[in-house]
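Shown next, in C-alpha cells, is the structure this report addresses.
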Amino acid sequence: MGGEVIRALDGVNLRVRRGEFLSVMGRSGSGKSTLLNVISCLDRPTSGTILLDGVDVTRVSKSQLPRIRREKIGFIFQQFNLIPTLTAIENVMLPMEYAGLDERNRREKAMAALSAVDLADRMGHRPSELSGGQQQRVAIARALAPEPAVILADEPTGALDTHIAHAIIQLMRRFNHERGQTFIVVTHDPLVADQTDRVIRLVDGRVSSDELVGERKA
Amino acid sequence: MTRILRNMARRKVRTGLTIFGIAIGVFALTVMGALSEYFALQLNQAESLYSHIIGITPAKTGLNAHLTTSMVAQIRQVNGVLYVENIIATTLNDTRQSAISLGPPETVIGVDPAAVKYVFGSIPLRAGRWIDPTDSRATVVGFSVAQKHHLGIGSALAWQKHDYTVVGILSDTNGFPDQYAIIPLDVVQRDAKMPRSAIGQLDVVTQPNADPEVVSRQIEREVPQVKARSPRQEAADAAQQMAVFNAIVLGGALLAAVVGGLAVVNTMIMSVNERTREIGIKKALGAEDRTIVREYLSEAALIGLLGGVAGLWAGWVVASLLNATVAAGLGGSDVWRVTPRLVVLVLSFAMGLGLVAGVYPAWSAARLDPVQALRSE
C-alpha cells in the first residue's frame with residue numbers, strides 16, 4: 001500500500017434527524033461507502049465521533065458492535081444480499097433471530113413486513129425463485145422488521161431496471177412517511193436522489209454540498 | 001438443523017465424498033472394535049468364572065521343566081488349598097480343518113469327575129448333569145459344541161474313534177467353555193494314549209474362606225520349582241494382552257481420524273471461502289462471532305456424525321456377515337460383537353472428529369472482516 005495515508009473521509013460533519021429521508025451522492029472513491037461503513041459500525045474511523053441514537057459508537061467495545069447493529073441499523077444492499085439457502089420469510093427472520101427474539105414473534109413480525117412489501121404470497125420462496133425487484137423487497141422487509149433506528153441503503157436500485165427502481169424508492173418513501181423510519185440512501189443516480197428530502201454530496205472525502213431538495217427546486 | 005442440511009446440500013458431491021471418507025475410517029474402527037469387544041467379553045467371562053482358581057506353571061522354562069505328580073501332592077498340603085485339579089486340554093477335531101483360527105477351537109477337557117464342580121461349577125447347566133466318577137465314555141459339552149454337532153442329552157460325540165455319551169450341556173457363556181467337551185481325565189488319558197503321569201494344566205481351587213492371593217504366595221514358598229499365578233495376576237496378564245490389541249485398534253482409528261479429519265477441514269475451508277460474502281452479510285445483520293462459529297462447527301459435526309452412522313452401519317453389516325460365514329464355519333460363536341457401548345463410542349468419536357476438524361474453519365469464518373467479506377464475490 002506504500003506509506004501514503006489515504007483519507008477516505010476527512011472532516012465530515014453531518015447531523016441526521018430522526019425520520020429524515022436523506023441521500024448521499026458522489027463518484028466512486030468519494031467516500032460514500034466508507035461513510036456508510038462507519039455509521040453502521042462495520043468500520044471504525046481513525047478519529048472523530050459517531051453518535052447513533054445518542055450513543056457514541058466509536059467508544060463502544062468491539063464485542064458490543066453486533067448488538068448495536070442489530071438494534072440500531074437496518075441494511076439494504078445493491079446486490080440484495082439475501083442468504084440463498086433460506087426462504088424469503090427465513091431471510092426476514094434472520095436478524096431478529098440474532099437479536100434473540102422467540103420464533104413466534106419473529107415469524108409474526110416477518111409476515112407483517114413481507115405483507116407490507118406486498119410479498120405475502122412469496123414467503124416460502126428461495127431468492128433464486130424471485131425476481132430482482134422481489135428480492136430487494138424481501139431485503140427491505142428484512143431491514144424494516146426489527147424496527148431499527150436508521151436504515152442504510154447502499155445503491156438499493158443499482159441492480160434494478162428504472163421502473164422497478166422507482167417502485168423500490170417509492171416503497172422506502174412510504175415507510176419513511178408511515179412509520180417515521182430514518183433512511184440514508186447512498187446513490188449515484190440523480191433520479192433517486194431527487195426523490196429524497198435532503199442530498200449530501202461527497203467529493204474526495206469531504207462534504208461539498210448539503211441541501212434540501214425542496215430548497216434546490218425552489 | 002434443516003438449515004445445516006441445506007448448506008451441506010449445496011455441494012452434494014463434495015459433502016458426500018467427505019462423509020464417505022469418514023465412513024471408511026469409522027467402518028474400520030467398527031470392525032476392529034467389534035473384535036476387540038469379543039476379546040474383552042472373553043476376558044470378563046474368564047475373570048468371573050475362574051476368580052477362585054490359581055494357575056500353576058513350572059518355575060523355569062525349558063525342556064526339563066515340567067510339573068510332576070509329587071508337586072501335585074505337595075501343593076495339596078498347602079494351607080487354604082481345597083483341591084488340585086489336573087486338567088488336560090487337547091483338540092476335539094482329529095484333523096485340522098482350517099489353517100486360520102478365529103476364537104478358541106473346540107477342545108476336549110480331561111478333568112477328574114470327582115472335582116469337576118470345583119473348577120467348572122460356576123457355569124450353569126442348560127440340560128442334563130455333570131459327569132461323575134461312575135461315568136466312563138461320557139461328556140458334558142459346551143453350548144457351541146452342542147449346536148455345531150447337533151447334540152442333545154443321550155446323543156453321541158465322536159472323538160479318537162470312540163463315542164462319548166452326552167450327559168450334560170452347558171449354558172451359553174459367550175466364552176471359552178462354549179467350545180468344551182468335558183470328559184473324565186482317566187478316559188482322556190487312556191483314549192488319547194497318554195501316560196497316567198501326564199499333567200496338563202494344574203488348577204488349584206482354594207477354600208471358600210481363603211484369599212487366593214495369599215494361597216498362591218504360600219504355594220510358591222512351600223513347593224519348590226513351581227510358579228503360582230493368582231487370579232489377579234492372570235487377569236493382569238490378560239489385560240496387558242488386551243491393551244496391546246487395543247493399541248493396534250486405536251492406531252487404525254487414529255489413522256482414520258487423521259485422514260477423515262483432514263477431509264472435513266478441507267471441505268469446511270472451501271465452504272467458508274465460498275460463503276465469505278454470506279458471512280459478511282450475517283455479520284452486518286448483527287450476527288455475533290460465536291453464532292458464526294456455532295454454524296460452521298455444527299455443519300462439521302454433522303458431517304462427522306453422518307459419516308459415523310454410515311461407517312457404523314457398513315461395519316455392522318460386515319461384522320454380521322463375518323460372524324455368519326467365517327466364525328460359524330470354524331464352529332465358533334459370534335466373534336465380532338457390535339456392542340451398545342461400541343456404537344456409542346464410535347458415534348461420539350466420529351462426531352468429535354468432525355467438531356475438532358471444524359474448529360479452524362469456523363474460527364477463520366468468525367474472524368472475517370465484515371467490510372472485506374461483503375466486498376468479495
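Read-outs throughout are calculated quantities, based only on the coordinates presented, and are distinct from any laboratory measurement. Keep in mind that what you see is a predicted model, and the values were worked out from it rather than measured. Heads up, the Cβs are rebuilt from the backbone with ideal geometry, glycines too, and the neighbour counts pull from every protein chain shown.
All other residues whose Cβ lies under 12 angstrom from that of B:E47 are scored, Lys and Arg at +1 and Asp and Glu at -1, for a net of -1. For B:212-218, what's the mean count of beta carbons from other chains sitting within 10 Å of each residue's beta carbon? That works out to 0 on average. Just so you know, the Cα atoms of chain B work out to an Rg and Dmax of 29.4, 95 Å.
Taking each residue as 0.36 nm, the span from B:T325 to B:R232 lengthens on full extension beyond its C-alpha to C-alpha distance by 29.9 nm. Take the Cα of A:R174, step 7 Å toward its Cβ, do the same at B:N174, and the gap between the two points is 7.1 nm.
Both radii were evaluated on the Cα set of the range B:60-224; the Rg over Rh quotient, with Rh as the Kirkwood radius, amounts to 0.99. The HN-Hα couplings worked out from phi for the range B:371-377 by the Karplus form 6.51 cos²θ - 1.76 cosθ + 1.60 (θ = phi - 60°) are 5, 5, 4, 5, 7, 6, 8 Hz, whole numbers, x standing for Gly and Pro. Averaged over peptide B:285-295, the number of partner chain Cβ atoms lying within 10 Å of each residue's Cβ comes to 5. Of all lysines in the structure, those lying under 29 Å Cα to Cα from B:K12, and not within fewer than 8 positions of it along the same chain, are B:K282, B:K283. Scalar couplings 3J(HN,Hα) for the range A:48-56, obtained by applying the Karplus form with A = 6.51, B = -1.76, C = 1.60 to θ = phi - 60°, are x, 10, 10, 9, 10, 6, x, 9, 7 Hz; x denotes Gly and Pro.
One decimal place: the segment A:L191-A:D53 gains 46.7 nm when fully extended, by the rule 0.36 nm per residue minus the C-alpha distance. Set against the 2.2 N^0.38 Å expectation for a compact globular protein, chain A has a Cα radius of gyration ratio of 1.02. Cross-link reach is defined here as a Cα-Cα straight distance under 15 Å, omitting same-chain residues fewer than 8 places apart; for A:K32 the aspartates and glutamates meeting it are A:D10, A:D43, A:D154, A:E155, A:D189, A:D204, A:D210. Karplus-derived 3J(HN,Hα) values for the range B:221-234, using 6.51 cos²θ - 1.76 cosθ + 1.60 with θ = phi - 60°, are 5, 8, 10, x, 6, 10, 10, 10, 10, 6, x, 5, 5, 4 Hz; glycine and proline are entered as x.
Using 0.36 nm per residue and subtracting the Cα-Cα separation, the extra length available between B:Q147 and B:V317 on full extension is 58.8 nm.
Once the Cβ-Cβ distance between B:R190 and B:V344 is put in as r, and R0 is 56 Å, what FRET efficiency do you end up with, to the nearest 0.05? The pair B:R190/B:V344 has a calculated efficiency of 0.60. Summary of the geometry: the range A:62-131 and the range B:290-366, compared by the centres of their Cα atoms, lie 37 Å apart.
Every Cα-Cα pair in the protein assembly as shown was counted, and those over 45 Å apart are 48% of them.
Under 23 Å of direct C-alpha separation, and excluding same-chain neighbours fewer than eight residues apart, B:K227 reaches these lysines: B:K60.
For B:V108, the residues whose amide H sits under 5 Å from its own are B:T90, B:T91, B:L92, B:A181, ignoring neighbours fewer than 5 places away on the same chain, with H placed 1.01 Å from N.
Shielding value for A:85-98 is 3, the average number of Cβ atoms from other chains within 10 Å of each residue's Cβ. With R₀ set to 30 Å, the beta-carbon distance separating B:A59 from B:L250 gives a calculated FRET efficiency near 0.25. With both labels modelled 7 Å from their Cα along Cα-to-Cβ, the A:V203 to B:F20 distance reads 6.3 nm.
Report summary: the helix-based calculation at 222 nm, which adds -39500 (n - 2.57) for every DSSP H run with n ≥ 4 and divides by the residues of chain B, gives -18000 deg cm²/dmol.
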